[in-house]
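**Q** One structure follows; several queries about it will come next.
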Amino acid sequence: MNAEERRLPDPLAHSVIGAFYEVHSELGFGFLEAVYRRALAVSLVERGHRVAAESAIPVFFRGCTVGDYRADLLVDERLLVEVKAGGGLVPAHRAQLLNYLRATTVEVGLLVNFGPKLAFERLVFANARKRTPTRQ
């Protein structure tokens with residue numbers, strides 16, 4: 001993903017955000033994160049996306065696989081979605097998603113919060129800044 005692509009609207013992120021609002025509109029506030037994660041997955045599949053919930057994504061360190069990260073949702077094998085259901089998004093949530101983007105081959109992530117005040121953020125960590133995995 002080049003700098004120009006990072007500035008352009010992201011149709012996949014737009015679709016996920018639409019599904020996010022759709023889920024909130026139907027369920028409202030007050031459920032556990034797991035309920036929202038499952039409902040969001042259903043909505044995204046209905047929109048024609050491939051969704052993997054809690055799938056293992058390898059984490060790399062110095063070119064070696066050092067573990068797996070369990071993404072809340074991986075959409076179309078190229079967008080990580082971290083689902084929250086708390087009072088709001090905090091810096092620790094952003095740091096968590098950025099770390100996942102830094103340590104995996106996925107470049108774009110969405111942080112969504114189904115709390116009392118809906119919120120979402122799109123974060124990008126381009127592969128050009130990552131070390132290329134060489135060994136597993």
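The values are calculated or read from the model by the stated rules, or taken from the named source; none is laboratory data. These numbers come from a predicted model, not from an experiment. Glycine also receives a Cβ, built like all others from the backbone with ideal geometry; neighbour counts cover every protein chain displayed. Calculation scope for accessible area: heavy atoms of the full protein, side chains included, ligands and nucleic acids excluded. Shrake-Rupley method; radii C 1.70, N 1.55, O 1.52, S 1.80 Å.
**Q** Nearest 0.05, what FRET efficiency do Phe31 and Thr105 give at R0 = 35 Å with Cβ-Cβ as r?
**A** 0.65
**Q** Work out the charge dipole of the range 1-112 with +1 on the Cβ of Lys and Arg and -1 on the Cβ of Asp and Glu about the Cα centre, then indicate which of Leu97, Leu40, Gly30 is farthest towards its positive end.
**A** Leu97
**Q** Between Ala92 and Asp76, what is the spin-label point distance in nm, taking each point 7 Å from the Cα along the Cα→C-beta axis?
**A** 3.3
**Q** With the convex hull built on the Cα atoms of the chain, state its orientation-averaged projected area in nm².
**A** Orientation-averaged projected area of the Cα hull: 8.1 nm².
**Q** Please give the peptides 72-85, 40-53 ranked by average Cβ packing (other Cβ atoms within 10 Å per residue), highest first, as a rough proxy for protection.
**A** 72-85, 40-53
**Q** Grab the Cα-Cα distance for Glu22 and Arg47, subtract it from 0.36 nm times how many residues apart they are, and report the gain in nm with one decimal.
**A** 7.9 nm
**Q** Identify the residues of the range 30-64 with backbone N under 19 Å of a label point that sits 7 angstrom from the Cα of Ala119 along the Cα-to-Cβ direction, or state none.
**A** 30-34, 36-37, by backbone N distance to the label point.
**Q** Can you tell me the dipole magnitude for the range 22-82 around its Cα centre, using point charges on the Cβ only (Lys, Arg +1; Asp, Glu -1), in Debye to the nearest 20?
**A** The calculation lands at about 200 debye.
**Q** Something else about it: In whole percent, how big is the carbon plus sulfur part of the accessible area of the range 1-102, probe 1.4 Å, protein atoms only?
**A** Summing carbon and sulfur atoms, their accessible area is 56 percent of the total for the range 1-102.
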